[in-house]
Amino acid sequence: MPKEVILIAAVTVDGYIARHSSEVISWSKDLSLFKEQTMGFPIIMGSNTKKTLYGELEGRENIVFHRKNDPKKILKEITNPRCFIIGGGKTFSKFFKFLTHIFITPHPYIFGRGVKLFENKIEESDLIFQKLIEINPEKGIYQYQYKIKNF
């Protein structure tokens, strides 16, 4: 089981990761950072997220999570010390209790509706700020990295 299970996501200011479950994300400005951070590590995504990709994310083990899968079982099979949960909202919710870190990049958009970062109810948690990464300072886009206090 990985020591670090990291949620990584681009979100709107109002907490959405997409306008709808089949949206191919074109508004995110942190894709090069995403690639750099996840390269060489397993990535876990829900089946809807998988459908929105143009193909496999090369250089990473792509694991597709389905609703009936057991998150704990999937994590136990990973031998790498770090893995990333890349979406969507239901998958983020299912893996929430296993998360050790959150890498979140707020973007200057408001959708008003769509796919929430966490689609299902999750527990309240304290986060410990670790790092801020500049992506596009002119547009106010930064990635915030947090450790979840329980870990």
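What is the sum of charges around Lys35, taking Lys and Arg as +1, Asp and Glu as -1, for the other residues whose C-beta is under 10 Å from the C-beta of Lys35?
Result for the neighbourhood of Lys35: -2.
Can you sort Ser22, Ser28, Ser125 so the residue with the fewest Cβ neighbours within 10 Å comes first? Don't skip to the end; give the middle numbers.
On the way: Ser22 10, Ser28 18, Ser125 14.
With the sparsest Cβ surroundings first, the list reads Ser22, Ser125, Ser28.
What spacing in nm lies between the two simple spin-label points modelled at Lys68 and Leu53, each 7 Å away from Cα in the Cβ direction?
2.3 nm
In deg cm²/dmol and to the nearest 500, what is the mean residue ellipticity at 222 nm of the chain if only DSSP H runs of at least 4 residues count, each as -39500 (n - 2.57), divided by the residue total?
Values: 4 runs with 26 residues, N = 151.
About -4000 deg cm²/dmol.
Quote the relative contact order of the stretch 1-67 in percent (integer), defining contacts as alpha-carbon pairs under 8 Å separated by 6+ residues.
Averaging sequence separation for qualifying contacts and normalising by length gives 29 percent for the stretch 1-67.
Sorted by average packing, counted as other Cβ atoms within 10 angstrom per residue and highest first, what order do 87-94, 68-75, 140-147, 100-107 take?
87-94, 100-107, 140-147, 68-75
May I ask for the distance between the Cα centers of the stretch 81-132 and the stretch 29-59, given as a whole number of Å?
When both Cα centres are located, 15 Å separates them.
Need the full-extension length gain, Asn136 to Phe118, defined as separation in residues times 0.36 nm minus the C-alpha distance. One decimal, nm. Working shown, then result.
On the way: separation 18, 0.36 × 18 = 6.48 nm, distance 2.52 nm.
That pair, Asn136 and Phe118, stretches by 4.0 nm at full extension.
List residues of the stretch 131-150, by number, whose backbone nitrogen lies under 11 Å from a label position 7 Å along Cα→C-beta of Asp14.
none
Determine the relative contact order of the stretch 4-148: mean sequence separation of Cα pairs under 8 Å and six or more apart, normalised by residue count, in whole percent.
Once normalised by length, the contact order is 35 percent.
Coordinate-derived values only; no laboratory data. The model shown is predicted, which means the values in this text are computed figures rather than measured ones. Quick reminder, even Gly has a Cβ in these numbers, built from the backbone with ideal geometry, and neighbours come from all protein chains shown.
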